[in-house]
Amino acid sequence: MFVIIGAIYYFLIYPLKEEKQLKEVTVSSVRTEVAVLQTELASSEVESDE
């Protein structure tokens, strides 16, 4: 019984946790990139106004 539960965890739940963590890192990276691009856009607009 414990072996079956362990196998289910190892083959089903663990990969999903890994995938979730990977996607959270990707989302964080994209948010950082968006913030950088917004900053660049704002500074570009200020320079073009002058």
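The values are calculated or read from the model by the stated rules, or taken from the named source; none is laboratory data. These numbers were taken from a predicted model, which means no experiment stands behind them. FYI the Cβ positions are ideal-geometry reconstructions off the backbone, even for glycines, and counts take in every protein chain you see. Note: areas computed on protein heavy atoms with side chains; ligands, DNA, RNA excluded. Shrake-Rupley method; radii C 1.70, N 1.55, O 1.52, S 1.80 Å.
Return yes or no: is VAL30 among the aliphatic types (A, V, I, L, M), open to solvent by less than 100 Å² (accessible area, probe 1.4 Å) and assigned to a helix (DSSP H, G or I)? Yes. Restricting attention to segment 1-11, the residues being surrounded by fewer than 10 Cβ atoms within 10 Å (Cβ to Cβ) and assigned to a helix (DSSP H, G or I) number 5.
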